[in-house]
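K.L.:
One structure, pasted below without further comment.
The values are calculated or read from the model by the stated rules, or taken from the named source; none is laboratory data. Everything numeric here is computed off the predicted structure, so don't read it as measured data. Every residue, glycine among them, receives a Cβ derived from its backbone with ideal geometry; neighbour counts consider all protein chains shown.
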Amino acid sequence: MRYEDLKAEPLATFTSVIHFCGLEEDQPRIKKAVEFSEFEKAQKQETEHGFDEKTPGAEAFFRKGQVGTWREELTPELVRKLIAEHTPIMNALVIWMKIRI
């Protein structure tokens with residue numbers, strides 16, 4: 001699941017994950033999961049209760065909730081390296097997911 005897809009089409013993206021996992025599609029439960037995972041709610045939960053996955057020294061795990069901000073956080077060299085090294089596999093995964101679902 002890509003964050004970009006989750007932001008653009010949360011219900012469809014969650015539903016596709018349910019299908020991928022071979023689980024029964026239960027639209028009311030999926031809608032509830034989408035609501036509980038809204039960025040603002042997750043960020044508020046982290047502020048109030050912490051978040052175990054936050055790396056030491058990081059200000060927060062849930063930073064901005066905006067698509068594409070990783071390019072602003074990383075150095076230009078690291079962005080180029082990530083794109084160069086991971087584009088082929090990411091493209092293959094996108095094609096594979098479209099075929100599977």
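K.L.:
What are the pairs with Cβ atoms under 8 angstrom where one residue, in region 74-89, is among the β-branched types (Val, Ile, Thr) and the other, located anywhere, is not in a helix (DSSP H, G or I)? Sequence gap at least six, or different chains.
P.N.:
Nothing qualifies.
Yes or no, residue by residue, for (1) under 26 Å from Leu74 (Cβ atoms); (2) over 17 Å from the mean Cα position of the chain (by Cα):
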| position | (1), (2) |
| --- | --- |
| Ala8 | yes, no |
| Phe14 | no, no |
| Ile30 | no, no |
| Val34 | no, no |
| Phe39 | yes, no |
| Gly50 | yes, yes |
| Glu53 | yes, no |
| Gly57 | yes, yes |
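K.L.:
Something else now. Quick one: is Val94 under 16 Å from Arg2 (Cα atoms) and either touching a Ser or Thr at 6+ places or on another chain (Cβ under 6 Å) or of a type outside the set (Phe, Trp, Tyr) (or both)? Write out each step before concluding.
P.N.:
Details: under 16 Å from Arg2 (Cα atoms): yes; either touching a Ser or Thr at 6+ places or on another chain (Cβ under 6 Å) or of a type outside the set (Phe, Trp, Tyr) (or both): yes.
Considered against the rule, which asks whether it is under 16 Å from Arg2 (Cα atoms) and either touching a Ser or Thr at 6+ places or on another chain (Cβ under 6 Å) or of a type outside the set (Phe, Trp, Tyr) (or both), Val94 comes out as yes.
K.L.:
Residue under question is Leu93, and the condition is that it be assigned to a helix (DSSP H, G or I), of a type outside the set (Gly, Ala, Ser), under 18 Å from the mean Cα position of the chain (by Cα) and surrounded by 11 or more Cβ atoms within 10 Å (Cβ to Cβ); does it hold? Break it down into steps so the answer makes sense when it comes.
P.N.:
On the way: assigned to a helix (DSSP H, G or I): yes; of a type outside the set (Gly, Ala, Ser): yes; under 18 Å from the mean Cα position of the chain (by Cα): yes; surrounded by 11 or more Cβ atoms within 10 Å (Cβ to Cβ): yes.
Spelling it out, Leu93 is indeed assigned to a helix (DSSP H, G or I), of a type outside the set (Gly, Ala, Ser), under 18 Å from the mean Cα position of the chain (by Cα) and surrounded by 11 or more Cβ atoms within 10 Å (Cβ to Cβ).
K.L.:
Counting only residues that are of a type in the set (A, V, I, L, M) and not in a helix (DSSP H, G or I), which one in region 1-37 is farthest from Val67 (Cα to Cα)? Break it down into steps so the answer makes sense when it comes.
P.N.:
Of region 1-37, the ones of a type in the set (A, V, I, L, M) are 1, 6, 8, 11-12, 17-18, 23, 30, 33-34.
With the extra rule that they be not in a helix (DSSP H, G or I), the set shrinks to 1, 23.
Values: Met1: 14, Leu23: 28 Å.
The qualifying residue farthest from Val67 (Cα to Cα) is Leu23.
K.L.:
Counting just the residues of region 17-59 that are surrounded by 13 or more Cβ atoms within 10 Å (Cβ to Cβ), closer than 26 Å to Val94 by Cα and among the hydrophobic types (A, V, I, L, M, F, W, C), which one comes out modelled with the lowest pLDDT?
P.N.:
So, considering only residues that are surrounded by 13 or more Cβ atoms within 10 Å (Cβ to Cβ), closer than 26 Å to Val94 by Cα and among the hydrophobic types (A, V, I, L, M, F, W, C), the one modelled with the lowest pLDDT is Phe39.
K.L.:
Being modelled with pLDDT of 90 or more and surrounded by 13 or more Cβ atoms within 10 Å (Cβ to Cβ) is true for just one of Phe14, Phe62. Which residue is that?
P.N.:
Values: Phe62 fails: modelled with pLDDT of 90 or more.
Result: Phe14 is the single residue among Phe14, Phe62 that is modelled with pLDDT of 90 or more and surrounded by 13 or more Cβ atoms within 10 Å (Cβ to Cβ).
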